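Colleague: Take this structure first; my questions come after.
Please treat every number below as a calculation from the coordinates, not as lab data. Since the structure is predicted, the reported quantities are computational estimates derived from the model, not experimental observations. Note that each Cβ is placed from the backbone with ideal geometry, even for glycine, and that neighbours are counted across all protein chains shown.
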Amino acid sequence: MRFRKSCIGWMYPLERKDAMPRKILCVNIDHIATIREARGGTEPDPIAGARICEQNGAAGITVHLREDRRHIQDRDVFTLRDIVIGKFNLEMALSDDIIGIARSVLPDQITLVPEKREELTTEGGLNVMKNESRLRDLVVEFREKDVVVSLFIEPDLPTIDATKRTGADFIEIHTGSYCNAGSHEDRSRELQRIYRAAEHAVSLGIRVNAGHGLNYTNVRDVLRTPGLEELNIGHSIIAQSVFTGLATAVRDMAILVEESNA
Ligand code: PXP
C-alpha cells in the first residue's frame, strides 16, 4: 500500500474507500507552458510555476502532454516528476508514444483523455466502450507500477459501468457541459447529471475526480458532488494569475476547496 508525501489531502492509502474523502485541488499548469511556447523561449517556467502552486495550497500538479507538444514538453514532465511534492497527475491520450513516456516517468496518476489535433482543448470524454480491452490492459500494467489510472469521461452511467469493467481506480468527470450551459435550467440539469454519475461511480467502488472549465464561481456547486476527491483546474487559475499573481490565484481557489471540506 502506497502513501504519498505529507501534502494536504493526499496522505491516504490509495485504496481508501470509506468515509467522505477530503477534496484536493490539483492545478493544471499547461497554460504556463502555452505562454512560454508563444515565444519559444524559457519564460515563464512551468517548473517554477508548479513550486508556487504547491506552496500556495495545491495538493498536486496536473499536466497534459499532448501529441502535438503545443504546451508541455517531454523535459517538463521528467523534471516535474522530480520536483512535485504532492500528487503528480499526467493527462494523456491513448497514444503509444505518450504511453511510453508515462512508463518512464511513472507519475502518481495517469488520466486518459481523448485528443484531437485540431481542438483548442479536450472536447468530450473518453470512449471507454470502444477502448475497453486496451484500457483494461493499461490499468493492469500501470497499477503494477504503482500508478493509479483515471478515465476522463462524460457523466453518463453506461460509461461508468464500462469504466468498472476496465478496473480503473478513478473517473474524472468532464464538467465542460455544466460549465458551458447557457441557461439556469441547463446548468442545473448538467449538475444533476454530475451528481448522479458520481453516486453511481462510488456505488461501484470507483473514485471520483472532476474538471474542465471550472472557475471561481461555478466550482462551488461541483464541490458538492458526492464522493468527490480531486479537482483539476487550469485555465481559470492561470488566467486569474495575470491580474493577481499565481500565488494569490492558487490560494483563492484552494480556499474554496478547503472551505468545502469543513
Ligand atoms: N481535466 C482534464 C482531463 C483536462 O483535459 C483539462 C484541460 O487540459 C482540465 C482538467 C483542466 O481544464 P481547464 O483548463 O478548463 O481548467
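Colleague: Quick check on my filter: what residues within the range 38-69 are within 15 Å of the ligand (Cβ to nearest atom) and either exposed (fewer than 14 other Cβ atoms within 10 Å of the Cβ) or more than 22 Å from residue 212 (Cβ to Cβ) (or both)?
Modeller: Selection gives 67, 68, 69.
Colleague: Here's something else I'd like to know. So if I check each of 140, 105, which one is surrounded by 15 or more Cβ atoms within 10 Å (Cβ to Cβ), more than 21 Å from residue 229 (Cα to Cα) and of a type in the set (Val, Ile, Thr)?
Modeller: When all the criteria are applied, what remains is 105.
Colleague: Would you mention how many residues in the range 216-251 are in contact with a His (Cβ under 8 Å, 6 or more places away or on another chain) and farther than 13 Å from residue 32 by Cβ?
Modeller: Summing the residues that are in contact with a His (Cβ under 8 Å, 6 or more places away or on another chain) and farther than 13 Å from residue 32 by Cβ in the range 216-251 gives 1.
Colleague: Further question on the same structure: Might you let me know whether the range 74-94 holds any residue that is assigned to a helix (DSSP H, G or I) and polar (S, T, N, Q)? Spell out how you get there, then give the answer.
Modeller: To start, the set of residues in the range 74-94 that are assigned to a helix (DSSP H, G or I) comprises 74-83.
From what's left, polar (S, T, N, Q): 79.
Yes.
Colleague: Okay, moving on. Quick one: what pairs do we get from the range 61-86, first residue touching a residue at least 60 places away in the same chain (Cβ under 8 Å), second part of a loop (DSSP other than H, G, I, E, B) and of a type in the set (Phe, Trp, Tyr), C-beta under 7 Å, 6+ apart or different chains?
Modeller: Within 7 Å, the pairs are 86/10.
Colleague: Out of 173, 255, report the one residue that is within 12 Å of the ligand (Cβ to nearest atom) and aliphatic (A, V, I, L, M).
Modeller: Of 173, 255, the one residue that is within 12 Å of the ligand (Cβ to nearest atom) and aliphatic (A, V, I, L, M) is 173.
Colleague: So which pairs qualify, if the first residue must be in the range 171-198 and on the phi > 0 side of the Ramachandran plot, the second must be part of a helix (DSSP H, G or I) and surrounded by 20 or more Cβ atoms within 10 Å (Cβ to Cβ), the Cβ gap must be under 6 Å, and the two must be at least 6 apart or on different chains?
Modeller: none
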